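Here is the structure we will look at.
The values are calculated or read from the model by the stated rules, or taken from the named source; none is laboratory data. Not measured: the values here are computed from a predicted model. Note that we place each Cβ from the backbone using ideal geometry, even for glycine, and neighbour counts take in every protein chain shown.
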Amino acid sequence: MKILLAFVVQLFLIFPALSQITVRGMLVDSTEGNPIEYGSVGLYTRTDSSLVSGTVSGPDGVFELSGMKPGAYYLFVQFMGYERITIGNLLLERGQALDLETIRLTPNEQLLELVEVTGSQFTAMHRIDRQVFEAAEFLSAQGGTAVDLIRNLPSVSLNAEGDLSVRGATGFVVMLNGKPIQSDPAILLGQLPANAIKNIEVVTAPSARYDPEGKAGIINITTEKGATDGTFIQFNTRIGAPSIQDYDNKKKPQRYGADFTLNHRQGDWDFSLGASYLRNDVNGRRIGDVYTMDGDTTTRFPSEGERGFDEEAYSGRFTVAYTPDANNEFSLGFYGGIRSKDRTADIVYYDNHAIVKGQRLYTLQYYNENLRIRKSDFAMGSIDYAHTFTNQGRLSSSFLYEYTMLGGPTTNRNLGFPNTSLIYQDEYNTNDNPLHGIRWQVDYQSNPRAWGILEAGYQFRFLDHQGDFVYERRNNETGEFELVPEFSSNVALTRVIHSGYGQLSGQTKKWDYAIGVRMESMDRELVLQDKSNTVDSLYSYDFFIPYPTASVQYKLGDNMRVKGAYSRRVERTTTFKMNPFPEREHSETLEQGDPTLLPEFIDLVETGLIKDFGENSLFATAYYRHVKNLVNRVNTVYNDTILNRIYSNVGNARSLGIEVGMELNPADKWSVFAGGNLYRYRIEGSFDDRPIDNAAWVYSINANTRYDFSPTFSAQWSFNYLSSRITAQGEDSRFLSPNLVLNKTFMDERLRVGLQWLNMDMGLLRTNEQRISTWRENEFYTSTNYVLEVDVVLLNLSYTLNPSRNKSRFIKSEFGEKEF
């Protein structure tokens, strides 16, 4: 019934409102035909030249005026660097919709020369609720993915597992062109080509009109776009050189891929098509040491072996948009793909032994052959509609449906060593996880008034995630695999969310402000069934809570601003983290969830300063974040040689810190963009009836320096460093990744060639390496060092036809990516 209601309301919104007097047009450059954004348009009366209405042109160059009375007017248009234009003799009548079509502005050559000499574009722009970063400034990411771009931002860090974090928090929501998606950022962003990205916006304290999910806020990615009629085509390829260093892996890594984007706009129609293929393997080693204690017996099992990844992804997507008039816009999108990620962990446990009162009871060495395959086939579609009223109010609606099939087996075989034909234990666990997700939302934005803009909206989300988990163990006598009922289960999760918001925003000569609240109702039901038991276990959880938000910015002068913000958010739990039936991850590790897991609730307060001086910029933001019901992965001892990893609410966490960044231009051809984050992190709580009270200072540094040898040839060196960090039971060590890129363009920048040297090491720096340690007094200690591939060399080629005409916009996964 709810789905039907959503469709009925969606169709109802399609009928436009009655019209008043409107004047519209589009500003373009007379020489190149490109749209002009932020062009000033004023409508004046012919009798006394008084200003009646004014506006600025949008990104597509389009402007629209409304609310005028019948009468005689003239239009005045101006923009820095162009000759002014006056259009007279405009006689407007009631109900008239006057379309001036294309207005061509002629460049003022003298003024343009002055602008070119004295001005340069900043890598970062600062707005009241976000930081906006220009993607083209990060050469190390070209030919790569969105992950390669984001890792360079001042507040973002990346670890050896590929997990992105913002100010130390891994939970954040990704948006594409302003449309929210709920997915695992590392996987989602790893498939989005960096070449298609224009800007990346980091919203650490989002307003009420955004979905409240995401512990660290929102990262919004905007793709390249234009507005002129015509066709845009971009084709990119990536080729990886053979590995420089040998990690003694069974297979040599393969790294290559290609993607293309086609965008065609003609009249009222806008069509985008894209496809991509990526093969991105990584070799590496895993060096571990574990011991457990039970009474006076200590069991230890050090290990070393291969830990590599084979990753392959195909995807295809298209979007078609129809704009019959200036007030209505329809769009339809589809996105589908197949991907897999195989993790090989073939480890030799070379000195497994137990000691009692100083005496060694036994010594055993064995070989663990471990392969985890994670697959995801998905398909989704969306339909969107937006209507702009004649008073400049706007009503929009979006409906998205997604189907995803998640799954993949894990094989775990303990064999003799060096005689691997001897089988000690052979286990196999697999799962099929079909997921259905629906999101429908409607938003309204009032016309601008003297007191600001009022926004309101409603969102409905529905998730149905089923799981069939099978765990089998080989009977060494019969050779047959037999079900292990206590590790096998059927899981069913349903989650229904209703939310609505209201927000007031506006600006004066010196002030920008936004204040709002979002109310949310969530119902979650988790049904578990042990395959040895026909009785279902039901776990229910629901809440109804507000999420208040507020932000303000004040201009101290032309070159200095101060701002402050408060935001409350939530980090929801995934099905995987709530499934209590263990999965065999490694020879010494089981992994399971907690069906009673509570979502994390986050309160954030921040205040910042932005100072521009000439072509240089400096910004700093102090922040405090409190997390209730913090979720961590913690360990218990399953038996003398196996640890059990459990996702659990371990208490509360606090972060008090400051992030700073600067953009300097020491010389005409030399630029520096650098940022850092320093915070005090504390975890307080308990697990398994034992207190937790850990605290430490954490910092990260991201720096980029670029030198342009000529207008078509440049070099950029980047440096990413993340210090050690505490967890509820241990510590993750520091992580380092330096990169060098040479970039050359040909054919008026239509052809770009990039040579990348990633994870520079040369045997000196311990790059792309991280140690993860956990411990519990008188119970266990684990230390695992992940040594991943360094000195990776890649060649990227990109060719673009009509580069100024790209308006590609695609949908992305809403639900399934998060479970992948």
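Here residue 568 fulfils each of the conditions (1) surrounded by 15 or more Cβ atoms within 10 Å (Cβ to Cβ); (2) within 30 Å of residue 484 (Cβ to Cβ); (3) in contact with a Pro (Cβ under 7 Å, 6 or more places away or on another chain) apart from (2).
Each residue in region 729-739 was checked for being in contact (Cβ under 8 Å) with a residue 40 or more places away in the chain and within 20 Å of residue 716 (Cα to Cα), and 2 pass. Residue 51 falls short on exactly one of the conditions (1) among the hydrophobic types (A, V, I, L, M, F, W, C); (2) closer than 13 Å to residue 23 by Cα; (3) modelled with pLDDT under 85; (4) surrounded by fewer than 17 Cβ atoms within 10 Å (Cβ to Cβ), and that condition is (2).
For region 654-670, the tally of residues that are of a type outside the set (Lys, Arg) and either touching a residue at least 60 places away in the same chain (Cβ under 8 Å) or not in a strand (DSSP E or B) (or both) stands at 8. Scan region 199-211 for residues that are crowded, with 24+ Cβ neighbours inside 10 Å, modelled with pLDDT of 80 or more and in contact with a Phe, Trp or Tyr (Cβ under 8 Å, 6 or more places away or on another chain) and the total you get is 1. Given the criteria modelled with pLDDT under 90, surrounded by fewer than 18 Cβ atoms within 10 Å (Cβ to Cβ) and either over 27 Å from residue 640 (Cβ atoms) or touching an Asp or Glu at 6+ places or on another chain (Cβ under 9 Å) (or both), does residue 393 qualify? In short, yes.
Looking at the structure I just gave you, is residue 348 in contact with a Ser or Thr (Cβ under 7 Å, 6 or more places away or on another chain) and at pLDDT 95 or above? When the stated conditions are applied, residue 348 passes them.
Pairs linking a residue in region 747-761 that is farther than 16 Å from residue 795 by Cβ to a residue that is among the acidic types (Asp, Glu), with Cβ atoms under 6 Å and 6 or more positions apart or on different chains, are 761/791.
Scanning region 273-312 for residues that are of a type in the set (Val, Ile, Thr) and closer than 27 Å to residue 638 by Cβ yields 287, 290, 292, 297, 298, 299.
The residues of region 572-607 that are charged (D, E, K, R) and either part of a loop (DSSP other than H, G, I, E, B) or under 23 Å from residue 520 (Cα atoms) (or both), listed by number, are 572, 577, 588, 594, 600, 603. The requirement of being within 27 Å of residue 214 (Cα to Cα) and assigned to a helix (DSSP H, G or I) is not satisfied by residue 619.
Here residue 443 does not qualify as free of Cβ contacts under 8 Å to residues at least 40 places away in the same chain and either touching a Ser or Thr at 6+ places or on another chain (Cβ under 8 Å) or under 25 Å from residue 56 (Cβ atoms) (or both).
Results for (1) at pLDDT below 90; (2) over 24 Å from residue 393 (Cα atoms); (3) crowded, with 20+ Cβ neighbours inside 10 Å, shown as yes or no for each residue.
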{"position": "422", "(1), (2), (3)": "no, yes, no"}
{"position": "448", "(1), (2), (3)": "yes, no, no"}
{"position": "477", "(1), (2), (3)": "yes, yes, no"}
{"position": "496", "(1), (2), (3)": "no, yes, no"}
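Return yes or no: is residue 460 in contact with a strand residue (DSSP E or B) (Cβ under 7 Å, 6 or more places away or on another chain), in a strand (DSSP E or B), over 20 Å from residue 213 (Cβ atoms) and hydrophobic (A, V, I, L, M, F, W, C)?
It is false that residue 460 is in contact with a strand residue (DSSP E or B) (Cβ under 7 Å, 6 or more places away or on another chain), in a strand (DSSP E or B), over 20 Å from residue 213 (Cβ atoms) and hydrophobic (A, V, I, L, M, F, W, C).
Checking region 262-284 against the condition returns a match, with at least one residue being assigned to a strand (DSSP E or B), over 30 Å from residue 370 (Cα atoms) and among the charged types (D, E, K, R). In region 372-390, the residue that is modelled with the highest pLDDT out of those that are out of contact with any Gly (no Cβ under 8 Å at 6 or more places or on another chain) and among the aromatic types (Phe, Trp, Tyr) is 385.
As a summary of the residue check, residue 579 satisfies the conditions (1) of a type outside the set (Val, Ile, Thr); (2) in contact with a helix residue (DSSP H, G or I) (Cβ under 9 Å, 6 or more places away or on another chain); (3) within 18 Å of residue 431 (Cβ to Cβ) except for the one numbered (2). Restricting region 54-99 to residues that are among the polar types (S, T, N, Q) and farther than 24 Å from residue 328 by Cβ, the residue that is modelled with the lowest pLDDT is 89.
Listed here are the residues, each with its yes/no results for (1) among the hydroxyl-bearing types (Ser, Thr, Tyr); (2) more than 30 Å from residue 647 (Cβ to Cβ); (3) at pLDDT below 90.
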| position | (1), (2), (3) |
| --- | --- |
| 723 | yes, no, no |
| 743 | no, yes, yes |
| 747 | no, yes, yes |
| 753 | no, yes, no |
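Residues that are part of a strand (DSSP E or B) and surrounded by fewer than 20 Cβ atoms within 10 Å (Cβ to Cβ) were ranked within region 633-644; the one that is nearest to the chain's Cα centre (by Cα) is 633.
Looking at region 255-270, which of its residues are surrounded by 14 or more Cβ atoms within 10 Å (Cβ to Cβ) and either acidic (Asp, Glu) or under 16 Å from residue 793 (Cα atoms) (or both)? Passing the criteria: 255, 256, 257, 259, 270. Of the residues examined, residue 363 is not one that is touching a Phe, Trp or Tyr at 6+ places or on another chain (Cβ under 8 Å), of a type in the set (Val, Ile, Thr) and assigned by TED's automatic domain parsing to the domain that holds residue 784.
Among the residues of region 212-240, write down those that are of a type in the set (Gly, Ala, Ser) and at pLDDT below 80. Correct list: 214, 216, 217, 226, 227, 230.
Consider residue 300 carefully, then state whether it is modelled with pLDDT of 90 or more and among the basic types (Lys, Arg). Yes; evaluated as a whole, the condition is true for this residue.
Please find, among 466, 441, the residue that is buried (at least 18 other Cβ atoms within 10 Å of the Cβ), assigned by TED's automatic domain parsing to the domain that holds residue 580 and within 34 Å of the chain's Cα centre (by Cα). Every option except 441 fails the conditions.
Of all residues in region 278-300, one or more are over 26 Å from residue 339 (Cα atoms), touching a residue at least 12 places away in the same chain (Cβ under 8 Å), surrounded by fewer than 21 Cβ atoms within 10 Å (Cβ to Cβ) and among the basic types (Lys, Arg).
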